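**Q** Below is a structure I'd like to ask you about.
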Amino acid sequence: MLAKKTETDLEEAILLLETKKLEDEQMLKDQFHIVYDSLKPLNIIHKAISQIAESKQLKTDLLNLSVGLTVGYLSEKLLVRGSHSPIKKLLGSAVMVGVTNVIAQNPDVTRMAGLSILRFLRKKISGKP
């Protein structure tokens, strides 16, 4: 009787191990497909672009750079004002580069100055002292 019980136990254990083997094989295949899909060049590019788009530091840097370029361009236009003098144009370009660099490298100071100017303009428009 003992031999029968152990044969049955062994057969059940073998069935359980075979079932587990099939499940493990399926999980391995699924994981392989996930890794394979993530290594496709298009998916790598898509993931990189989405990470760049989500980067707050990049957005902040782009904003600071664009503000710097805008203010630098406006300062050059105010300095040159349609002049045909090459020296004045060169000086205007130098001022534009300098202002752009200062504003891009000091975004906090620029932000505070911009807020101060906006507050001043609001007071002037509303007529409050």
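Every number here is computed from the coordinates shown, using simple stated rules; none is lab data. Just so it is clear, the structure is predicted and the values come from calculations on it, not from any experiment. Here the Cβ is made from the backbone with ideal geometry for all residues, glycine too, and neighbour counts use every protein chain on show.
**Q** Mind checking the full-extension length gain between Ser93 and Val35? Use 0.36 nm per residue of separation minus the Cα-Cα distance, one decimal, nm.
**A** Full extension of this stretch gives 15.7 nm more.
**Q** Could I ask something else about it? Under 28 Å from the Cα of Lys21, which lysines turn up, not counting those fewer than eight places away in the same chain?
**A** The reachable lysines, counting only those whose Cα sits under 28 Å from Lys21, are Lys4, Lys5, Lys29.
**Q** While we're here: With each label point set 7 Å from Cα along the Cα-Cβ vector, what nm distance links Ala48 and Leu22?
**A** 4.3 nm
**Q** Using DSSP to call loops (not H, G, I, E or B), can you name the trypsin sites (Lys or Arg not before Pro) in region 66-109 whose Cβ has at most 11 other Cβ atoms within 10 angstrom?
**A** Arg81
**Q** Under the 0.36 nm per residue contour assumption, what length would be gained going from the current alpha-carbon distance of Thr6 and Lys124 to full extension?
**A** Length difference between fully extended and current span is 32.9 nm.
**Q** So what is the calculated 222 nm ellipticity per residue for the chain, using -39500 (n - 2.57) for each DSSP H run with n of 4 or more, over all residues, to the nearest 500 deg cm²/dmol?
**A** Here the helix-only value at 222 nm equals -31500 deg cm²/dmol.
**Q** Right, another one. Subtracting the Cα-Cα distance from 0.36 nm times the residue separation, let me have the gained length for Leu63 to Leu78 in nm, one decimal.
**A** Separation in residues times 0.36 nm, less the Cα-Cα distance, equals 3.2 nm.
**Q** Mind checking which helices in the chain clear 30 Å along their axis (Cα) and have mean Kyte-Doolittle hydropathy of -1.0 or more, DSSP H runs only?
**A** Helices meeting the criterion: 2-38, 56-80.
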